[in-house]
Amino acid sequence: MVKMITPAEAVQFFKSNQTIMVGGFLNCGVPNLVINELIKTPLTGFTLISNDTGEAGINRGQLIHAGKIKKAIVSHIGTNPETVQLYNEDKIEIDLQPQGSLAERIRADGAGLGGILTPVGIGTDIEKGKQKISVCNKEYLIETPLHADIAVVYATYADRFGNLAFHGSTRNFNVLMPMAADIVIVEAEHILDEPLSPDEVVVPGIFTDYLIDGGAYGID
Amino acid sequence: MELTKEQTQEIIARRVAQEFSNGDVVTLGIGLPTKAVRYLPDGVNIIVQSENGVLGVGAYQNDTNRDCHITNAGGVGVTINPGGCCVDSLMSFAMMRGGHIDVTVLGALQVDAEGNLANWCIPGKFTPGMGGAMDLVVGTKRLIIAMEHTAKGAPKILKKCTLPLTVAHKVNMIITEKAVFDISPHGLVLREIMPNSSLDDISTTTDADFEVDLR
């Protein structure tokens, strides 16, 4: 059985300057309960790995607004004018990565791979500082794995074994990040007393360290 | 007569819609490219893929079917057509990168006669990021750029892009409110002059040289 915790207990695992992964795509499938607690703490200096930085002041955007993020490794910041402004003023480090490469780098870490070979970014600025390799006369970039101290993800359903299932387009990065972090905290909208059917499980429970009952806090 | 922004976009979106074949798997950029689905010809049904993890994107949600857990890549609530499905980001980008998308339609800040595309960064001014665009353009079978011909009067179709590239040598076609160009190994080929434009108009608003081979 996976340990159930509260959002307030979840932030006890965090330390300043850690690398954290946060699931979600814009405002869809975002683990907001932990974010809401994290911004109340004095912790700071995080490196954020996420698809985007959400919108100004809401959801993941709160982390930017509260000045918690030193560096963000993301694919897009255009939806959050606060991130764009901080970036233009050199007050935050932004490492923009092609979204598919970002996803595969997270998977590579979780899957025990030394990286991935991708044609994405060849001939663009994304090449800078990266090794190139030729396979069968085609050029690829070597993209290295991404690992986090803590991953916080959303799930629509979780059972007591930590198995996760999803509704709609909430899967996004929530499915990959649990493989690539030392501590994995899952905010589930519905905690099921009966185990999920083995056929329904999307993320195997062995990746989940702690579960938060999102329903108890009114997430919908 | 000066076209309004809405009229301009509609002209482009209607023309883009003519490029789809029945059964195509299509990815559309946010904004103008997405509008093309409104003007699909009769008998043409396409499967729209959205990078956030929806295959078979349907109509926008309305008051009878709201569900905040199903959105398109712009974060707008959508429905999923029969036969569609939801996938994670790995599968979504495997579809794109792996060559499983028939047609991709994106906007551009700049596009050039060599088929280079720039649409993610204006250094020092605005850097929204590439999102999924770089992965998408690498794998797609056909890449169409749908955009207004100029930005505040300045040409966007250039001899050579000056902004950071999204992809090199990959654009197949450019559709604007003035013209339709193919991009051949030798450069731009003007294939259609849109009703509100003329060869003169296109020549003065296009930085790149082009061959004229109207169909």
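Hey, could you check the range B:95-128 for residues that are over 22 Å from B:Glu148 (Cβ atoms) and within 8 Å of chain A (Cβ to nearest Cβ) and say which is surrounded by the fewest Cβ atoms within 10 Å (Cβ to Cβ)?
B:Gly124
Only one of these is assigned to a loop (DSSP other than H, G, I, E, B) and crowded, with 22+ Cβ neighbours inside 10 Å: B:Ala36, B:Ala73. Name it.
None of the other options fit; the residue is B:Ala73.
Identify, by number, the condition in (1) within 30 Å of A:Glu89 (Cβ to Cβ); (2) part of a loop (DSSP other than H, G, I, E, B) that B:Met134 doesn't meet.
That leaves (2) as the condition not met.
For B:Cys85, are the conditions met, namely being assigned to a loop (DSSP other than H, G, I, E, B), more than 24 Å from B:Glu6 (Cα to Cα) and modelled with pLDDT of 95 or more?
Here the answer is no, as B:Cys85 does not meet what is asked.
Report yes if B:Ile144 is crowded, with 18+ Cβ neighbours inside 10 Å, touching a strand residue (DSSP E or B) at 6+ places or on another chain (Cβ under 6 Å), away from chain A (no Cβ under 14 Å) and touching a residue at least 60 places away in the same chain (Cβ under 8 Å), otherwise no.
When the stated conditions are applied, B:Ile144 passes them.
With respect to the numbered conditions (1) loosely packed, with under 13 Cβ neighbours inside 10 Å; (2) outside any strand (DSSP E or B); (3) of a type in the set (Gly, Ala, Ser), which one is the sole condition not fulfilled by B:Ala59?
Against the list (1) loosely packed, with under 13 Cβ neighbours inside 10 Å; (2) outside any strand (DSSP E or B); (3) of a type in the set (Gly, Ala, Ser), B:Ala59 comes up short only on (2).
Those residues that are of a type outside the set (D, E, K, R) and in a helix (DSSP H, G or I), I need them from the range A:23-43; list them, please.
A:Asn32, A:Leu33, A:Val34, A:Ile35, A:Asn36, A:Leu38 - these are the residues of the range A:23-43 that are of a type outside the set (D, E, K, R) and in a helix (DSSP H, G or I).
Where the second residue is in a loop (DSSP other than H, G, I, E, B) and modelled with pLDDT under 95 and the first is within 15 Å of B:Arg14 (Cα to Cα) and lies in the range B:158-184, which pairs have Cβ atoms under 7 Å and are six or more apart or on separate chains?
Every condition considered, the pairs that remain are B:Glu177/B:Leu3; B:Glu177/B:Asn196.
Residues of the range A:125-172 being touching a Pro at 6+ places or on another chain (Cβ under 9 Å), in contact (Cβ under 8 Å) with a residue 24 or more places away in the chain, assigned to a strand (DSSP E or B) and surrounded by fewer than 19 Cβ atoms within 10 Å (Cβ to Cβ), which ones?
none
The values are calculated or read from the model by the stated rules, or taken from the named source; none is laboratory data. Remember, it's a predicted structure, so these values are computed and weren't measured experimentally. Cβ: placed from backbone, ideal geometry, glycine included. Neighbour counts: every protein chain shown.
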